[in-house]
1. For Thr75, are the conditions met, namely being among the hydroxyl-bearing types (Ser, Thr, Tyr), crowded, with 20+ Cβ neighbours inside 10 Å and farther than 19 Å from Glu123 by Cβ?
2. Among the residues of region 71-102, what is the count of those that are under 15 Å from Ile48 (Cβ atoms), out of contact with any strand residue (DSSP E or B) (no Cβ under 7 Å at 6 or more places or on another chain) and more than 8 Å from the ligand (Cβ to nearest atom)?
3. Let me confirm something: among Ala56, Ala23, Ala15, Ala39, which residue is touching a residue at least 24 places away in the same chain (Cβ under 8 Å) and under 19 Å from Tyr104 (Cβ atoms)?
4. Which residues, counting only those in region 103-125, are buried (at least 20 other Cβ atoms within 10 Å of the Cβ) and within 16 Å of the ligand (Cβ to nearest atom)?
5. Mind listing just one residue for me: the one in region 8-38 that is buried (at least 20 other Cβ atoms within 10 Å of the Cβ) and assigned to a strand (DSSP E or B) and, of those, nearest to the ligand (Cβ to nearest atom)?
6. Considering region 39-78 alone, what residues qualify as being part of a strand (DSSP E or B) and among the small types (Gly, Ala, Ser)?
7. When you scan region 59-71, do you find a residue that is over 20 Å from Thr25 (Cβ atoms) and not β-branched (Val, Ile, Thr), even just one?
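Each value in this text was obtained by applying a stated rule to the coordinates, not by laboratory testing. All figures in this text were calculated on a predicted structure; none of them were measured in a lab. For neighbour counting, all protein chains shown are included, and Cβ atoms are generated from backbone atoms with ideal geometry for every residue, glycine included.
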Amino acid sequence: MSETSSIAPGVDFAALTSAAREAMTRAYAPYSGYPVGAAALTEDGRTITGCNVENASYGVGLCAECALVGQLQLTGGGTLRAFTCVNADGDYITPCGRCRQLLYEFAGETLWIKTAAGITTIEGLLPEAFGPRDLENIA
Ligand code: THU
C-alpha cells in the first residue's frame with residue numbers, strides 16, 4: 001500500500017513507516033527496554049534507516065537518529081526530504097531534542113516529519129534552530 005500525501009508531495013509515509021518498524025526490530029535496547037526505529041527518504045530517493053544502540057555506560061547510548069545520519073553518510077551523503085520514527089508498538093514518536101538538531105544539520109529544502117500529531121517540518125519541531133549557516137555569519 002502506498003500513502004502519498006498532498007502535504008508532502010512524493011513522500012510515501014506508509015513505506016517509510018514500514019522501514020522504521022523493520023529497523024526497530026534491530027534495536028539494542030536492553031537497559032531502557034524501549035527499542036526505536038527511524039527511517040528517512042533522501043532528496044535523491046534513497047531510504048535509510050537506524051535503530052537505537054544502548055550501552056552499559058547508560059549515558060553513551062545512541063538514539064536511532066544517530067545511526068540514521070551515519071547511514072546517510074555511508075550510503076552517499078546528501079540531504080533529507082522526509083523522516084519518521086517509531087517505538088516497539090510501531091507507534092510514531094517525536095525525535096528527542098538532540099536528534100532534532102542532528103536532523104536539522106542534514107535537512108533538505110523542506111524536511112517533512114510524520115509524528116502522531118500528523119505531518120510537520122523540522123522547523124516545526126525545532127524553531128529558530130542553530131545550524132551550519134550560523135557559523136558563516138560571524139564578523
Ligand atoms: N530514543 C531514540 O532512539 N530516539 C529518540 O528520538 C528518542 C529516544 C531512544 C534512546 C533510548 O535508547 C530509548 O529511546 C529510551 O529513551
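1. Numbers: among the hydroxyl-bearing types (Ser, Thr, Tyr): yes; crowded, with 20+ Cβ neighbours inside 10 Å: no; farther than 19 Å from Glu123 by Cβ: yes.
For Thr75, the condition - among the hydroxyl-bearing types (Ser, Thr, Tyr), crowded, with 20+ Cβ neighbours inside 10 Å and farther than 19 Å from Glu123 by Cβ - is not met.
2. Total meeting the criteria: 5.
3. When all the criteria are applied, what remains is Ala39.
4. Across region 103-125, the qualifying residues are Leu103, Phe106, Ala107, Leu111, Ile113, Lys114, Ile122.
5. Looking at residues that are buried (at least 20 other Cβ atoms within 10 Å of the Cβ) and assigned to a strand (DSSP E or B), I get Ala38.
6. Within region 39-78, Ala39, Ala40, Gly50 qualify.
7. yes
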